[in-house]
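No value in this document is a laboratory result; all are computed from the given coordinates. Since the model is a prediction, treat every value here as computed from it, not as a measurement. Because the Cβ atoms are built from the backbone with ideal geometry, glycine has one as well, and the counts that use them run over all protein chains shown.
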Amino acid sequence: MVETPRAKSVMLRVPGWPGHLPGQHVDVRLTADDGYQAQRSYSIASPPAGPGEGSDHIVLTIERIDDGEVSPFLTDELRAGDQIELRGPIGGYFTWTGAAGRPLQLLAGGSGIVPLMAMLRTRARAAAPSPARLLYSSRTWATTIYRDELAQLAASDRSLSVVHALTRATPPEWTGQSRRVDAPMLRALAFPPDQAPELFVCGPTPFVESVATLLVDWGHAAPAIKTERFGPTGGPPQEESDGPNG
Amino acid sequence: MATRGFTGKRRGDSPAGRVPPGQYVTDDFPVLSAGPTPRTSLDRWSFSLLAPDGGELLRRSWSELLALPASEVVVDIHCVTKWSKLGTRWKGVSFDALMDAAGVEVPAPYVMAMCDGGYTTNLPVADLRSGKGMIAYQYDGAPLAPEHGGPARLLVPHLYFWKSAKWVRALRFMASDEPGFWEANGYHIYGDPWKEQRYDGD
C-alpha cells in the first residue's frame, strides 16, 4: 500500500517465519536473469504476531531512492504473487521488548520511523506499557509516513505522545514543530535523563549524529542511546540531503 | 532463482574479482555505529596493548603514537551492510610496529579490540600481523573524523569493516576467541567478506 508519494508498504508471506523483535530487519536479495544479484536491508515495519495469530507475514515499508537499485524495484515493479528472496530476522542490538519497564523515547528522521513504528505497534498490544514519546522529523507533511496511524495511536493511548517536526514546509494551522530537532526542542519534549528512558534514534546519518550528540550533551548515558543510521541503502536521496543540524 | 522483473543497474562499477559477493560499490562513506559518537580529548587519549591478565605490554599517548613508524596503505573496504569502497587511503601504525615497540612476543593467539563507548570486536592475531592490521589515524590524507572512528581506529580491511573497530583504545590478547559486540549480536565470529560470513552460522 502507498504510504506517501515516496514510501510504500509491502506485505510478504514468509512460510516458516520464525518471528521477530521490533527493530529487526531483513536482507532482501534480487537476482536478474543473468545471475546478477543485489542485496539490501529493510527494517520490518510489522509487529511480531500476537498469541494465536498466524505469524508468516511481515510488512516492509520502503522509501524509494530515485537512483537506487533495489528500492525502485520493490516500490514500482513488485506485484502480488511475486517471489523474492529474503533473510532474517537480523539484528540483536536495535530491538525493544519493553521488558525493562523504562520510559521509551523514540526519535525518527524520515524513513527512520520504520523500525520505531514496529516498536509502537508492538507496544500498542501491551496492557499497561511504560510511557512512550515519539519525536518524528520529516521534510513535509506529505512525506510523513504513517501519519494517520500515529495520530490514532496517540489519540487512543494517553501514555503515548507523538510530536512531528517538519523541516521544509508546514501545512496551514500547523501545531507541531517547524524546525530541525535541537537542544531546546529535546528539553521541552523528550524524557529527561533522570527518568532513565530507553532511547532509540533512527534515520539518515546526519540526523542520528546530531540528535545522539545532543542527547549525550544533555546528560543521557551513551549506552542508553541506541542508534541506527541509514546510509545510501535506506536514507533520502543524496541531492536532497539537508546536512547536519546547526 | 531469478526475480521477475529485476534487471539491476550497477553492473559497470564492480571490477571483476575486486568486489566480494553481495556487495555494491559506493563513492560515499556511510557511517554506521552502535550508539553516539564518542569524543575523547587527545590529551587524555592513550593506546595500549594488554596481556590476557590485563597487564600493560605497551602504552602510548597520542603524540607518542604519532611518533611511531607509520605506514600508508590504499585498500578496499567492505561493510557487512553491503557497501564497498575501493581505493581508500589510510595512514597509521601497523600491528607489527606496535609489537616491535612493545618488544615482546605475542602472548596469545586472539585479541579483543576495546574502544571508547564500549564497542568491542574480536580477531585472530594472525589477521593483524604481516601488515594486515594497523591503528589508523588518518583517512584520505586528513585526521580521521570522529564519526569514522577518530582519533584512531583499528583497520583490518580484509575482514568486514565492523572488525575495523572505531575509537580503539586497546588490544587485549586472549587465549580463546571470545565474541565482541556485534559477534554477540548475531554477526559472524570471523567475518570474511569473500566467504560472505556476515551473520552467525554463515
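For chain A, build the convex hull from the C-alpha positions and give me its volume per residue in Å³. Can you show the working numbers first?
Details: hull volume 32.9 nm³, N = 246.
In chain A, the Cα hull volume divided by residue count equals 134 Å³.
Please give the direction-averaged projected area of the C-alpha convex hull for the range B:1-127, in square nanometres with one decimal.
On the way: hull surface 45.7 nm².
For the Cα atoms of the range B:1-127, the hull's average projected area reads 11.4 nm².
Taking the DSSP beta bridges in chain A as the whole, what percent of them are antiparallel, to the nearest 5? If you can, show how the numbers build up before the last one.
On the way: 21 of 46 bridges.
Close to 45 percent.
Quick check for me: using +1 on Lys/Arg Cβ and -1 on Asp/Glu Cβ, what's the dipole size of the range B:44-195 about its Cα centre, in debye to the nearest 20? Please list the in-between numbers first.
Numbers: 15 positive and 16 negative charges, 76 e Å.
Dipole about the Cα centre, nearest 20: 360 debye.
Taking the Cα centre as origin and putting +1 on Lys and Arg beta-carbons and -1 on Asp and Glu beta-carbons, what dipole magnitude results for the range A:2-90, to the nearest 20 debye? Mind dumping the intermediate values first?
Values: 8 positive and 14 negative charges, 61 e Å.
In debye, rounded to 20, the range A:2-90 gives about 300.
Given 10 °C and 1.306 mPa s, how large is the Stokes-Einstein diffusion coefficient of the protein assembly as shown in µm²/s, with Rh as the Kirkwood radius over Cα pairs?
Values: Rh = 23.1 Å.
Taking Rh from Cα pairs, D becomes 69 µm²/s.
Could you pull out the pairs from A:LYS8/B:LYS166; A:LYS8/B:LYS195; B:LYS9/B:LYS166; A:LYS226/B:LYS91; B:LYS85/B:LYS132; B:LYS91/B:LYS163 whose alpha carbons sit more than 25 Å apart here?
Numbers: A:LYS8/B:LYS166 35 Å; A:LYS8/B:LYS195 33 Å; B:LYS9/B:LYS166 32 Å; A:LYS226/B:LYS91 30 Å; B:LYS85/B:LYS132 18 Å; B:LYS91/B:LYS163 17 Å.
Cα-Cα > 25 Å for A:LYS8/B:LYS166; A:LYS8/B:LYS195; B:LYS9/B:LYS166; A:LYS226/B:LYS91; rest within.
Of all DSSP beta bridges in the protein assembly as shown, what percent run antiparallel (nearest 5)? If you can, show how the numbers build up before the last one.
Numbers: 55 of 85 bridges.
Here the share of antiparallel DSSP bridges comes out near 65 percent.
Where Rh is the Kirkwood radius over the Cα pairs of the range B:44-195, the temperature 37 °C and the viscosity 0.692 mPa s, what D in µm²/s does Stokes-Einstein return? Each step should come with its number before you reach the end.
Details: Rh = 15.3 Å.
For the chosen part, D equals 215 µm²/s.
Arrange the following residues from fewest to most other Cβ atoms within 10 Å of their Cβ: B:LYS9, A:LYS8, B:LYS195.
Numbers: B:LYS9 16, A:LYS8 20, B:LYS195 12.
So the residues, fewest neighbours to most, are B:LYS195, B:LYS9, A:LYS8.
Using only Cα atoms, what is the ratio of the radius of gyration of the range A:104-240 to 2.2 N^0.38 Å?
0.99
At a Förster radius of 35 Å, what calculated FRET efficiency corresponds to the Cβ-Cβ distance of A:ALA188 and B:ARG44, to the nearest 0.05?
The formula returns an efficiency of 0.55 here.
List B:SER84, A:SER138 from most exposed to least, where exposure is judged by having the fewest other Cβ atoms within 10 Å.
Details: B:SER84 21, A:SER138 24.
If I rank by nearby Cβ atoms, fewest first, I get B:SER84, A:SER138.
Relative to the present Cα-Cα distance, how much length would full extension add between A:GLU77 and A:ALA222 at 0.36 nm per residue of separation?
Details: separation 145, 0.36 × 145 = 52.20 nm, distance 4.15 nm.
Gain in length upon complete extension: 48.1 nm.
Based only on other Cβ atoms within 10 Å, what is the fewest-to-most ordering of A:LEU104, B:LEU66? Before the final figure, lay out the partial values.
Numbers: A:LEU104 24, B:LEU66 17.
Sorted ascending by nearby Cβ count, the order is B:LEU66, A:LEU104.
What's log10 of I(q)/I(0) for the range A:1-116 at q = 0.14, 0.18, 0.20, 0.21 Å⁻¹, Debye sum over Cα points only, no solvent?
Scattering profile of the range A:1-116, log10 relative to I(0): -0.62, -1.00, -1.21, -1.31.
Round to a whole angstrom and tell me the spacing of the C-alpha centers of the range A:159-212 and the range A:76-152.
Centre-to-centre distance over Cα atoms comes out at 15 Å.
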